[in-house]
Amino acid sequence: MDAVISSSAVIDFDRIGLAYGDRAIISDLSLTIRRGEIVCVIGPSGCGKTTALRMAGGLVRPNGGTVRFMGQPLTAPRRDVAIVFQDYGKALLPWRTAASNVSLALEAAGTPRAERADRSHALLAKVGLAGHEHKYPTEMSGGMQQRIQIARCLAQEPSVLLMDEPFGALDAMTRQGLQDEMLALVAETGTTVLFVTHDLEEAVYLGDRVIGLLPRPGRIGIELNVDLPRPRNQLETREMPEFLQLRRALFAFIERAEQ
């Protein structure tokens, strides 16, 4: 009998399994991501974090079990699911300006040419890049390039945002600024987020829940609810006893998982 899916479920992994030959990558993974929720996924290298995210985007299909989107089997990529990759340099076209890179999503959606410039500029302003519309990626910092990629994803008007270590290559101050911008955008739009990271503090700071995967094969080893008040603050939130307790629990989990 099919699993009963909550009416608020956006993405549902129902006993997912994935193997390449005799090598199991993910085994018996069940996880429901609800509407408007930010779920962060952590775990040691090789535990299948990115693979699970790609399955949520319809880029990889499991060997067993079912991935559902809004209650229906997910068998291919969808326009209302956008992916932000870590390697922003390869995600952007260097011969296109910031506005023109954002416009790619509008072109794919069939947005009339006359509307694209205004919408691209508005999206760049939303991610803090007003005045940089005509610059090329090579003229911009890493943080600014990642903002372009996020703006392009927002141009799809997604209901789900999949983020694969999007801030991992950035310096600490830029990373924290983008974390807060992402939280503000999610609060404004109600977008559902699946966020993969190696940074335990980032996972606690951003998430409503944190899922820890065990390696070989990937499977859930820990699930923590993050009941920290929103909006969050880079100093005050990180100093809360509850924040420190969650970070300590995740650190202990990673230590055990890597043994």
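The values are calculated or read from the model by the stated rules, or taken from the named source; none is laboratory data. Computed from a predicted structure; not experimentally measured. Quick reminder, even Gly has a Cβ in these numbers, built from the backbone with ideal geometry, and neighbours come from all protein chains shown.
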Test result for Met163, free of Cβ contacts under 8 Å to residues at least 24 places away in the same chain, of a type in the set (A, V, I, L, M) and in the same structural domain as Glu236 (by TED's automatic domain parsing): no
Evaluation of Ala187 against (1) aliphatic (A, V, I, L, M); (2) touching a residue at least 40 places away in the same chain (Cβ under 8 Å); (3) touching a strand residue (DSSP E or B) at 6+ places or on another chain (Cβ under 9 Å) (one fails), failing number: (3)
Residue match in the stretch 146-153 (condition: assigned to a loop (DSSP other than H, G, I, E, B) and out of contact with any Gly (no Cβ under 7 Å at 6 or more places or on another chain)): no
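Return the only residue of Leu93, Leu162 being out of contact with any Asp or Glu (no Cβ under 8 Å at 6 or more places or on another chain) and within 28 Å of Glu201 (Cβ to Cβ). Spell out the reasoning first.
Values: Leu93 fails: within 28 Å of Glu201 (Cβ to Cβ).
Result of the check over Leu93, Leu162: Leu162.
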Residue check for Glu202: of a type outside the set (A, V, I, L, M) and closer than 20 Å to Gln245 by Cβ: yes
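Would you mind listing the helices (runs of 4 or more DSSP H) fully within the stretch 21-139 where at least 3 residues are within 23 Å of the chain's Cα centre (by Cα) and buried (at least 19 other Cβ atoms within 10 Å of the Cβ)?
On the way: elements: 49-56, 88-91, 98-108, 113-126.
By residue number, 49-56, 98-108, 113-126.
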